[in-house]
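Below is one structure, written out as structure tokens; comments come after it.
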Amino acid sequence: MRYVQLDTPKPISKIGLGTWQFGSKEWGYGPDYERRAAEIVRRALDLGVTLFDTAELYGFGRSERILGAALGNDRSKVVVASKIFPLLPVAPVVQQRAVASAARLGVDGIDLYQVHQANPVVADTTTMRGMRSLQDVGLVGEVGVSNYGLRRWRFAEAALGRRVLSNQVRYSMIDRGPEEDLIPYAEQAGRIVIAYSPLAQGFLSGRYDATNPPAGAVRRANPYFLPENLERGTALIATLREVADAHDATPSQIALAYVLRHPNVVAIPGASGVEQMERNAAAAEIDLTDDEYAALVAAARAFRPVTGLAAVPRMVRARLGR
């Protein structure tokens, strides 16, 4: 495993474990997944993973409980990250919700406490006042944000009066927006971009195609998995496979290596089983050549999926089987 080269109390692994699926039925993993979740966490620890990300919203608290129980006595050795859902995120509410999350996780302090989304009405001034109080009493170590643009990230940091260590955003080969400003800022300021959906919810795995669409409500709601987009992605997946063959790796591992090439980026893919966790962790050791990276960039830019409003009628037809 490799780690981010930053001054943090605990090392932060380049590959973490995202736990949205823990306790959440919408992923369609089946009733035995809660047992497997504990096995995945224990194997991640064995592999040197130190970043475990959850949120109070995931499974309405069940993800935090499952993660905390699975970590057991190792909770104090790793970076436990959770997120507050920003419904009225004024200072007293932030403090109350952090206490509740810590209790579900079974920890004395949350290593990284993040604002899940930017609230369109409540300013970060009052939210960060609550975060600062939590840091002052030791219940929160580092503060982070999620789904913030650069301007609001920097404003949140000014409001906190301390570093806002991380910004958790959607980032993958086909969601490259963070490369424009968030990643350069992180590298310049000594901050971290946490990439969620680094495999575009499995689109980049090469597992799915127009004749084999995914199951589960989350993926079915993603326009990338429209039959037309799966067909359009054929050339991109072929490039991933070509690079993967050169490294005796899988397309998913190469897609992870793509985002991890940036020194201040970590990725938090989920895992449906121990084997997938092992493959994800191994991706941290893959070094892409300049030519391979350039080929992946070109293939990603050539991919033109149907998204936005144009995707809505197609998704309706796909749901109706027409």
### Task
Tally the residues that are among the hydrophobic types (A, V, I, L, M, F, W, C) and either in contact with a Lys or Arg (Cβ under 7 Å, 6 or more places away or on another chain) or assigned to a helix (DSSP H, G or I) (or both), restricting the search to segment 268-286.
6
### Task
Pick out the one residue from Gly72, Gly48, Gly59, Gly68 that is part of a helix (DSSP H, G or I) and surrounded by fewer than 16 Cβ atoms within 10 Å (Cβ to Cβ).
Gly72
### Query
Out of curiosity, is Ala200 modelled with pLDDT of 95 or more and among the small types (Gly, Ala, Ser)?
no
### Task
State whether one or more residues within segment 274-281 are open to solvent by less than 40 Å² (accessible area, probe 1.4 Å), over 17 Å from the mean Cα position of the chain (by Cα) and more than 17 Å from Leu204 (Cα to Cα).
yes
## Note on the structure
Pairing a residue in segment 243-271 that is over 15 Å from Asp290 (Cα atoms) with any residue that is aromatic (Phe, Trp, Tyr) and open to solvent by 40 Å² or more (accessible area, probe 1.4 Å), where Cβ atoms lie under 6 Å and the two sit 6 or more apart in sequence or on different chains, gives Ile268/Tyr196
### Query
Is at least one residue of segment 125-139 free of Cβ contacts under 8 Å to residues at least 24 places away in the same chain and more than 19 Å from the chain's Cα centre (by Cα)?
yes
#### Entry: Hits in segment 1-28 (condition: of a type in the set (Lys, Arg) and modelled with pLDDT under 95)
Lys25
### Task
Answer yes if at least one residue in segment 257-267 is within 22 Å of the chain's Cα centre (by Cα) and at pLDDT below 95, and no otherwise.
no
### Message
With touching a residue at least 60 places away in the same chain (Cβ under 8 Å), surrounded by fewer than 24 Cβ atoms within 10 Å (Cβ to Cβ) and not acidic (Asp, Glu) as the only criterion, which of Thr234, Thr239, Thr289 stands out?
### Response
Thr239
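The values are calculated or read from the model by the stated rules, or taken from the named source; none is laboratory data. No experiment lies behind these values; they were computed from the predicted model shown. Note: ideal-geometry Cβ built from the backbone for every residue, glycine included; neighbour counts use all protein chains shown. Areas reflect the complete protein model, heavy atoms only, side chains present, ligands, DNA and RNA absent. Shrake-Rupley method; radii C 1.70, N 1.55, O 1.52, S 1.80 Å.
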